[in-house]
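Worksheet for the structure shown next.
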Amino acid sequence: MGNEFGDVQKVIEKYTKGGKDGNNLVSDIGDFINQIYNYLDSLTLLEESAFLHLIIFMILLLTVFNILGIFFGNEIIKYFDLENKYPKLYTFFKVRAMFQRYYLMWNIFVLFVVCIVGICINLLVFY
């Protein structure tokens with residue numbers, strides 16, 4: 001038991017303080033984050049807004065795909081009659097249908113929030 005604990009301590013020490021080979025995961029992640037911050041600091045306001053627009057549109061696309069998945073998932077279940085073919089999954093389908101309304105409301109909420117944030121960013125760029 002003591003040997004296993006020592007091995008765990010060695011692994012933790014390797015990743016927090018660096019190993020003999022100079023491989024330090026925590027330091028590498030910190031360096032990567034610092035590089036991202038330096039890159040974002042070098043951007044102009046217009047470039048930052050374009051970058052944020054890309055992120056906003058990717059979130060919008062992801063949300064729209066989630067909504068389409070909600071609706072087409074039901075159509076696939078009905079078309080292939082999966083509830084009757086797989087009676088063991090019937091409870092899963094019922095729970096899915098029960099939470100589907102909440103998924104849809106959450107995705108619509110995310111759409112509205114992202115649109116409002118996008119409008120605010122555009123207003124900041126203009127003024």
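The values are calculated or read from the model by the stated rules, or taken from the named source; none is laboratory data. Note that this is a predicted model, so its numbers are computed, not measured. Positions of Cβ are backbone-derived with ideal geometry, glycine not excepted, and every protein chain shown enters the neighbour counts.
Out of L52, L82, one residue alone is free of Cβ contacts under 8 Å to residues at least 12 places away in the same chain and surrounded by 13 or more Cβ atoms within 10 Å (Cβ to Cβ). It is L82. Screening the candidates L123, L111, L89, L104 for the property of being under 18 Å from F51 (Cα atoms) and either outside the structural domain of L60 (by TED's automatic domain parsing) or free of Cβ contacts under 8 Å to residues at least 60 places away in the same chain (or both) yields one hit, L123. The single residue among F93, F57 that is within 21 Å of the chain's Cα centre (by Cα), among the aromatic types (F, W, Y), part of a helix (DSSP H, G or I) and at pLDDT below 95 turns out to be F57.
Determine if region 61-69 includes at least one residue that is at negative phi, surrounded by 11 or more Cβ atoms within 10 Å (Cβ to Cβ), modelled with pLDDT under 90 and within 25 Å of the chain's Cα centre (by Cα). There is no residue in region 61-69 that is at negative phi, surrounded by 11 or more Cβ atoms within 10 Å (Cβ to Cβ), modelled with pLDDT under 90 and within 25 Å of the chain's Cα centre (by Cα).
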